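**Student:** Encoded as structure tokens, here's the structure I'll be asking about.
The values are calculated or read from the model by the stated rules, or taken from the named source; none is laboratory data. All values derive from a computational prediction rather than experimental measurement. In this analysis, Cβ positions are derived from the backbone assuming ideal geometry, glycine residues included, and neighbour counts consider all displayed protein chains. These accessible areas exclude ligands, DNA and RNA; they are computed on the full protein's heavy atoms, side chains included. Shrake-Rupley method; radii C 1.70, N 1.55, O 1.52, S 1.80 Å.
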Amino acid sequence: MELFELINSRQSVRRYSSRPVEKEKIEQCIEAAYLAPSACNAQPWKFIIIDDEELKNKIAKETYDPVISFNHFVPQAPVIIAIVVEKSPIVPRVGGKIKKKPYYLMDIGIAAEHICLQATELGLGTCMLGWFNEKAIKKLLNVPDSRSMPLLISLGYAIDDYPQRKKIRKPYEKIRSYNSY
């Protein structure tokens, strides 16, 4: 698949089939993230693959609550990938503080998108999740309190008739300019 076609094909999947995801495909997705660039090559991440159904269901329950209607599809996904922020070396940490830029979050975003693009190429669907009970999930996964977990990614095969949605974006001329704001 050409890169632009791949980018255009990637979408957030919110209805998964029960078909299990092959470990080789999961590993390919993680390897794509492993190769992602990061500030000062800090690689400030650890990826926890949750494919044990009982544990995955406990974690899925922590991505929504009865009042908020987000993420009720997550239990359908056969796999969840938790991204944990690892401590960066001193240079990107100090640089981030001086410049008031969270380089580690930029790095996590790049790695997460590598996972999603690789999954799309392999015929899998993903959805990045930012709404979840981080404290409860960290406890379920034995993540130290000193670490943060900014993102989860659901992963699996979309249901057979899952529609390829037309991407709705702001007008192109509103999102770019040359040489001046």
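**Student:** Over the chain, what is the mean sequence separation of C-alpha contacts under 8 Å (at least six apart), divided by residue count, expressed as relative contact order in percent?
**Tutor:** 34 percent
**Student:** Classify segment 111-181 as rounded, prolate or oblate from the Cα gyration tensor: take a ≥ b ≥ c as the square roots of its eigenvalues, call it rounded if a/c is under 1.5, otherwise prolate when a/b beats b/c and oblate if not.
**Tutor:** Oblate shape, in that a/c is at least 1.5 and b/c is the bigger or equal ratio.
**Student:** Relative to the compact-globule scaling 2.2 N^0.38 Å, provide the ratio for the alpha-carbon radius of gyration of segment 63-114.
**Tutor:** The reported ratio for this selection is 1.60.
**Student:** Shifting gears a bit: Return the carbon/sulfur percentage of the accessible area of segment 4-51, one whole number, probe 1.4 Å, all protein chains in place.
**Tutor:** That fraction is 51 percent.
**Student:** Now for a different question. Pick out, in residue order, every one of the trypsin sites (Lys or Arg not before Pro) in segment 30-104 that is DSSP loop and has at most 11 other C-beta atoms within 10 Å; say none if there are none.
**Tutor:** Of the trypsin sites (Lys or Arg not before Pro), the ones in loops of segment 30-104 whose Cβ has at most 11 other Cβ atoms within 10 Å are LYS87, LYS100.
**Student:** Can you tell me how segment 1-46 classifies by the Cα gyration tensor, rounded, prolate or oblate, using a/c under 1.5 as the rounded cut?
**Tutor:** In terms of gyration-tensor shape, oblate.
**Student:** Further question: Where the eigenvalues come from the Cα gyration tensor of segment 34-91, what are the semi-axes √(5λ) of the equivalent ellipsoid, largest first, in whole Å?
**Tutor:** One finds semi-axes of 30, 13, 9 Å for segment 34-91.
**Student:** Still on this structure, please answer the following. Can you pull the one-decimal nm distance between simple spin-label points at LYS139 and ASN8, each 7 Å off the Cα toward Cβ?
**Tutor:** With each label point 7 Å from Cα toward Cβ, the separation is 4.7 nm.
**Student:** Pick the calculated Cα extents along the principal axes in Å for this structure from [x] 61, 46, 28; [y] 46, 43, 37; [z] 93, 39, 20?
**Tutor:** [y]
**Student:** Next up: Under the rule of -39500 (n - 2.57) per DSSP H run of 4 or more residues, summed and divided by the residues of the chain, what mean residue ellipticity at 222 nm is obtained, to the nearest 500 deg cm²/dmol?
**Tutor:** Calculated from helices alone, the mean residue ellipticity at 222 nm is -11000 deg cm²/dmol.
**Student:** Tell me the relative contact order for segment 1-105 as a rounded percent, counting alpha carbon contacts under 8 Å between residues six or more apart.
**Tutor:** Once normalised by length, the contact order is 34 percent.
**Student:** In whole Hz and in residue order, list the ³J(HN,Hα) couplings for segment 154-171 that follow from phi through the Karplus curve 6.51 cos²θ - 1.76 cosθ + 1.60, θ = phi - 60°; x for Gly and Pro.
**Tutor:** Once rounded to whole Hz, the list reads 7, 9, x, 8, 5, 4, 4, 9, 5, x, 7, 7, 6, 6, 9, 10, 4, x.
**Student:** Next question, about the same structure. Accessible area per residue, 1.4 Å probe, Å², for the chain: what's the number?
**Tutor:** Here the per-residue accessible area is 64 Å².
**Student:** Further, regarding this structure: Sorted by mean Cβ packing within 10 Å, highest first, what order do the peptides 20-28, 75-83 take?
**Tutor:** 75-83, 20-28
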